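Okay, structure first, notes after.
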Amino acid sequence: MSAQNSKSAGVLGALAGLVGFSALAGVLVTAMVAPALAVTSMTANSTVGIFEDLPDYVTINQQSQRNTLYGLQGGAQVPFAQVYNQNREEVPWESVSQHVKDAAIAAEDERFYEHGGVDLAGIVRAAVTNVTSDDTQGASTLSQQLVKNLLIMDALNKPTKEEQDEAYAEAQAPTLDRKLREAKLAIGLEKRYTKQEILLGYLNIAGFGGNTYGIESAAQQYYSTNAASLTPAQSASLIAIVQSPNANNPGYPENWERNQVRRDAILGNMLEQKMLTQEQYDEAIATPVNETTIVLSTPNSGCLYASAARFFCDYVVRNVPNFEALGDNEEERAENWKKGGYDVYTTIDLDQQANAEAQLAKYAPADEARFQLGAAASTVQVGTGQIRVMAQNKNYNVDASDPTGTSVNFNTDQEYGASTGFQSGSAYKLFTLVNWLQNGHGLREIVDGSPRSYTLPADCYGSKSYLFKNDRNTNPGRVDVMRATSASVNAAFANMASKLDLCDIRDTAASMGMHRADGRELQVNPTMILGTDEVAPLSVANAYATVAGGGILCQPIAVDKFVAPDGTELVGQASECSQAIAPEVAAGAATALEGVMRSGGTGARANPLDGTPLIGKTGTADAVHTFLATASMKLATAVWVGNIQGSQDLRKTTVARMNGGDLRYAIMKPILAALNASPHGVDAGEFPEAPAALVRGSSQAVPSVVGQTLAQAESLIESLGLNFRDGGTVPSELPAGRVVSTNPGTGTLVSKGTTVEVMTSDGTLAATMPDVTGKAQSAAVEALAAAGFNPASVSYQYVDGDPKTECTVTASDPAAGSAISKAATITLTVNRGAKSEGADCA
């Protein structure tokens with residue numbers, strides 16, 4: 001098309017625009033004076049009818065704003081993350097520079113304070129300009145632009161993508177109906193709000209490029225300042241963006257020139273309207289828009305840009321549907337969170353979080369390249385469930401190609417962090433211990449720690465057998481439950497479970513807050529007692545907090561309170577606490593678990609020995625995963641170190657100059673030291689003592705049956721609720737068939753149903769002490785040996801006597817003729833005669 005034809009088409013288009021604008025002006029005039037003015041034209045009647053059918057006004061309501069998360073640092077609440085759907089922070093009138101207010105009027109609506117929402121003179125002027133020049137001039141007032149922005153924001157907040165697209169297209173449609181709608185709503189807006197409210201509403205809602213909305217966020221984004229401090233040059237530069245946000249925003253160097261051209265035009269209008277002095281104008285116009293003046297803020301939206309505790313931030317965001325303070329149902333809560341403007345005061349202790357992250361980074365480096373090493377630490381407040389620490393060794397990163405980062409939260413369940421959990425190993429023995437005590441057993445009862453196969457009862461599932469071995473193939477034999485716990489003896493716990501029910505153990509675990517991270521049911525099988533369920537560190541920490549809290553389970557919570565956009569303080573997550581196990585049972589469990597953290601216990605290496613009483617339990621799942629759970633009376637912490645994927649044996653590798661199996665101790669010790677000294681953990685008291693009934697339990701002492709017949713022993717043992725087993729004969733001086741010993745031994749506390757093995761005499765050691773008095777020492781020994789005694793069992797006592805009978809035996813113990821065992825020790829009294837003390841008579 002030729003230039004002349006193009007110009008002709010432009011003139012025709014402008015003339016059509018003039019006609020459209022004129023029709024709109026006529027309708028608006030008619031509508032503003034109707035119904036006093038009678039309109040006889042059918043066209044006018046039809047158009048006014050459309051106009052009157054439209055709503056009268058829109059509301060300048062709260063727009064989507066930032067949600068800010070706070071945590072405790074240095075004793076004060078500080079912000080550490082901002083999460084928002086739109087980068088907007090609404091500010092009051094007094095927090096906006098006058099230069100910005102003037103720039104908006106000068107650039108977008110010079111007659112703002114003169115019209116009533118629609119500028120009829122501006123419409124005519126724009127139409128004439130569009131006809132008589134190559135320039136295209138708009139005629140929308142700030143009120144109309146505010147209406148349009150409100151409709152657009154409303155469209156973006158629709159629940160579905162389809163509804164959003166439809167409403168957005170309607171709000172942007174280049175039609176006379178849309179213009180009529182905006183115009184009438186603008187008129188209604190002016191009737192409902194003051195000019196100040198309208199201008200402020202416009203400045204708080206306007207789009208400034210990308211996801212940046214509102215003048216405060218724009219000031220921060222492009223000039224790293226606030227709306228109150230904007231200079232004339234900065235103000236005009238920001239207002240220049242709204243005309244064409246993609247082309248004029250100064251976030252990109254290629255837009256600097258266009259932004260400056262538009263900015264300078266706005267500054268010229270401001271000078272012309274006496275909003276600036278000549279001096280102010282000259283200074284502003286001389287200010288370039290380039291790298292010397294643009295000071296971009298780094299991105300800060302979302303947990304990826306949180307200054308701390310990024311995985312905890314992600315956990316909070318994923319829990320939004322659970323925050324009852326945000327709405328009556330999940331949909332309402334999600335919508336209110338999307339609108340934003342909430343200050344969220346969380347439970348996290350940022351000082352302790354930083355320390356935990358430092359220890360994890362030191363001992364479980366994120367860049368370990370030989371295998372996928374993961375590590376995490378969770379801490380909860382005993383008695384409330386408040387989460388104080390949620391840390392891990394990997395960086396929070398959504399880039400799957402970065403081996404040092406992950407978006408998976410190792411501390412939480414799959415629903416709240418995408419992790420399917422890890423086997424907890426012997427840390428799960430807690431639940432067998434608790435169920436043992438619930439069934440009336442005692443801590444001093446003797447159980448068998450020897451590796452063997454057990455058939456473990458399970459009423460809900462069916463009994464199954466499994467060969468239980470101990471870590472490193474040890475065999476401690478019979479031990480009491482205290483020692484079985486502190487040394488983490490697998491077979492001993494299998495022996496305990498054989499007297500319980502696996503279904504009950506599972507139910508005990510569930511009652512203490514334990515659940516699989518993937519949401520499936522806890523297992524019921526023999527190996528479950530050794531921690532084969534995949535669980536989250538947060539759940540493990542909370543279970544041990546239940547013991548420390550006297551049996552009270554408190555569900556983990558992340559938010560203490562919310563402050564709504566209007567300043568109203570809302571409750572956070574109320575502590576949901578209930579009595580999960582009896583206090584005396586919790587005290588009994590704590591007594592056993594304290595041994596784990598003391599000298600000789602499997603967790604002692606992690607004890608900072610700062611005077612804080614601690615309970616704990618270690619866990620090792622084939623050395624692929626390792627756990628250490630601890631608790632004081634105030635805080636409970638669980639540390640996991642293991643394979644994110646794969647099956648590297650941690651005990652067969654070295655990390656951070658130590659065996660991989662020991663990393664959990666190195667990580668936990670400094671974490672505990674800091675926690676115990678923190679305001680949340682200091683002055684933790686002693687754990688209550690286990691009741692005497694749970695020390696002894698409903699156990700039975702093995703009776704003394706030595707010297708009885710086998711039948712007598714069997715009758716007595718079974719009458720006490722114990723099982724009898726003939727252990728065969730052993731060499732003894734007792735008459736053949738008489739009981740010599742039992743296993744467990746006389747007086748040992750054992751559970752009802754324990755098998756007592758009874759050994760009887762074969763009579764082979766029965767003998768009578770021969771008379772060896774008057775014999776020389778050597779001859780006496782020969783006589784004893786001939787009678788079946790062991791010469792090595794003979795000892796001597798030398799006394800002074802007649803030299804003539806030197807080295808002869810004068811007495812024996814036992815005396816001649818006494819019944820004696822051939823294995824007994826015999827003492828001979830020997831006349832030393834003239835020999836010096838210590839001389840040998842042999």
Item to check | Long-range neighbours under 7 Å by Cβ, at least six apart or interchain, first residue without any contact (Cβ under 8 Å) to a residue 12 or more places away in the chain and small (Gly, Ala, Ser) within region 243-269, second open to solvent by 80 Å² or more (accessible area, probe 1.4 Å) and part of a helix (DSSP H, G or I) | outcome: Ala247/Arg258
Next on the checklist: Val295 - would you say it is open to solvent by less than 80 Å² (accessible area, probe 1.4 Å), within 27 Å of Gln65 (Cβ to Cβ) and not small (Gly, Ala, Ser)?
Outcome noted: yes
Checklist outcome for this item: The residue that is nearest to Ser307 (Cα to Cα), considering only those in region 351-366 that are open to solvent by less than 20 Å² (accessible area, probe 1.4 Å) and within 15 Å of the chain's Cα centre (by Cα), is Gln353
Checklist entry - How many of the residues making up region 772-808 are farther than 15 Å from Ile820 by Cα, of a type in the set (Phe, Trp, Tyr) and outside any strand (DSSP E or B)? => result 0
Item to check | Positions within region 402-420 being open to solvent by less than 10 Å² (accessible area, probe 1.4 Å), in contact with a Ser or Thr (Cβ under 8 Å, 6 or more places away or on another chain) and not polar (S, T, N, Q), in sequence order | outcome: Phe410
Checklist entry - Which pairs have Cβ atoms under 9 Å, sit 6 or more apart or on different chains, and link a residue in region 636-650 that is within 18 Å of Val540 (Cβ to Cβ) and open to solvent by less than 10 Å² (accessible area, probe 1.4 Å) to one that is at pLDDT below 95 and among the aliphatic types (A, V, I, L, M)? => result Gly642/Ala623; Leu650/Ala623
Checklist entry - How many residues does region 374-430 contain that are more than 12 Å from the chain's Cα centre (by Cα) and among the β-branched types (Val, Ile, Thr)? => result 6
Checklist outcome for this item: By residue number, the members of region 679-694 that are aliphatic (A, V, I, L, M) and open to solvent by 50 Å² or more (accessible area, probe 1.4 Å) are Val682, Ala692, Ala693
Item to check | Top-ranked residue in region 695-743 [being in a loop (DSSP other than H, G, I, E, B) and in contact with a Pro (Cβ under 7 Å, 6 or more places away or on another chain); ranked as surrounded by the most Cβ atoms within 10 Å (Cβ to Cβ)] | outcome: Val702
Next on the checklist: Among (1) within 19 Å of Gly721 (Cβ to Cβ); (2) open to solvent by less than 10 Å² (accessible area, probe 1.4 Å); (3) not polar (S, T, N, Q), there is one condition Val434 misses while meeting the rest; what is its number?
Outcome noted: (1)
Checklist entry - Scanning region 110-146 for residues that are more than 12 Å from Ile198 (Cα to Cα) and at pLDDT 80 or above, which turns out most open to solvent (accessible area, probe 1.4 Å)? => result Glu114
Checklist entry - Listed residues Leu614, Leu570; which is at pLDDT 95 or above, open to solvent by 40 Å² or more (accessible area, probe 1.4 Å) and hydrophobic (A, V, I, L, M, F, W, C)? => result Leu570
Item to check | Positions within region 208-233 being part of a helix (DSSP H, G or I), among the aliphatic types (A, V, I, L, M) and open to solvent by less than 20 Å² (accessible area, probe 1.4 Å), in sequence order | outcome: Ile215, Ala218, Ala219, Ala227, Ala233
Checklist outcome for this item: Picking from Val535, Val563, Val596, Val489, the residue that is closer than 30 Å to Leu326 by Cβ and over 21 Å from the mean Cα position of the chain (by Cα) would be Val563
Next on the checklist: Out of everything in region 59-89 that is modelled with pLDDT under 85 and touching an Asp or Glu at 6+ places or on another chain (Cβ under 8 Å), what residue ends up being surrounded by the fewest Cβ atoms within 10 Å (Cβ to Cβ)?
Outcome noted: Gln62
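Residues checked against (1) free of Cβ contacts under 8 Å to residues at least 60 places away in the same chain; (2) β-branched (Val, Ile, Thr); (3) open to solvent by less than 30 Å² (accessible area, probe 1.4 Å); (4) within 30 Å of Gly728 (Cβ to Cβ):
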| residue | (1), (2), (3), (4) |
| --- | --- |
| Met759 | yes, no, yes, yes |
| Ala783 | yes, no, no, no |
| Gly817 | yes, no, no, no |
| Val830 | yes, yes, yes, no |
| Ala834 | yes, no, no, no |
| Ala842 | no, no, no, no |
Checklist entry - Within region 687-714, can you find the residues that are under 25 Å from Gly440 (Cβ atoms) and of a type outside the set (A, V, I, L, M)? => result Phe687, Pro688, Glu689, Pro691, Arg696, Gly697, Ser698, Ser699, Gln700, Pro703, Ser704
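The values are calculated or read from the model by the stated rules, or taken from the named source; none is laboratory data. Please read all numbers here as calculations on a predicted model, not as lab measurements. Note that we place each Cβ from the backbone using ideal geometry, even for glycine, and neighbour counts take in every protein chain shown. Quick note on the areas: whole protein, heavy atoms, side chains included, nothing else; ligands and nucleic acids left out. Shrake-Rupley method; radii C 1.70, N 1.55, O 1.52, S 1.80 Å.
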